[in-house]
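See structure below.
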Amino acid sequence: MAKLPEGFVSLKSIKQGAPSTDEALGTIRRIYFKTTKQTIEHDLAHAIELLKGLESEDARARASVFMEGLAEMRKEWQRASEAPRHAKNAAGPNGKRAAKRR
């Protein structure tokens, strides 16, 4: 059996019934602290499913801090993975931009 990435949560755990509010908040918190660039998409989807199951506005407000953090991490990691492509196109082999030819 292949080793699962750190922070991986199987979908089977979601299908076992709705967790209590405290369990859901604890899981969202753990996801936030254990997510990686490789697992962010899955982790964010898992956290969203847990968030949907929260019934009180207070619980959703407590989870929002972690959800915003996950969204920000995903945005930063997407930007970081896109940056080298743009930089490579803008700069020449020596790192300097080529002069425009007229």
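A short reminder: the numbers here are calculations on the coordinates, not readings from a lab. From a predicted model like this one, the values you see are computed outputs, not experimental measurements. Neighbour counts run over all protein chains shown; Cβ positions are idealised from the backbone, glycine included.
What to note about this one:
- Stokes-Einstein translational diffusion, the stretch 19-84 - Kirkwood Rh over all Cα pairs, 0.692 mPa s, 37 °C, in µm²/s: 271
- Straightening the chain between A61 and E82 buys 4.4 nm, computed as 0.36 nm per residue apart minus the Cα-Cα spacing.
- Between T36 and I48, the contour length at 0.36 nm per residue exceeds the Cα-Cα span by 2.7 nm.
- Among A71, I28, T39 the positive-end extreme of the charge dipole of the stretch 19-84 (Cβ point charges): T39
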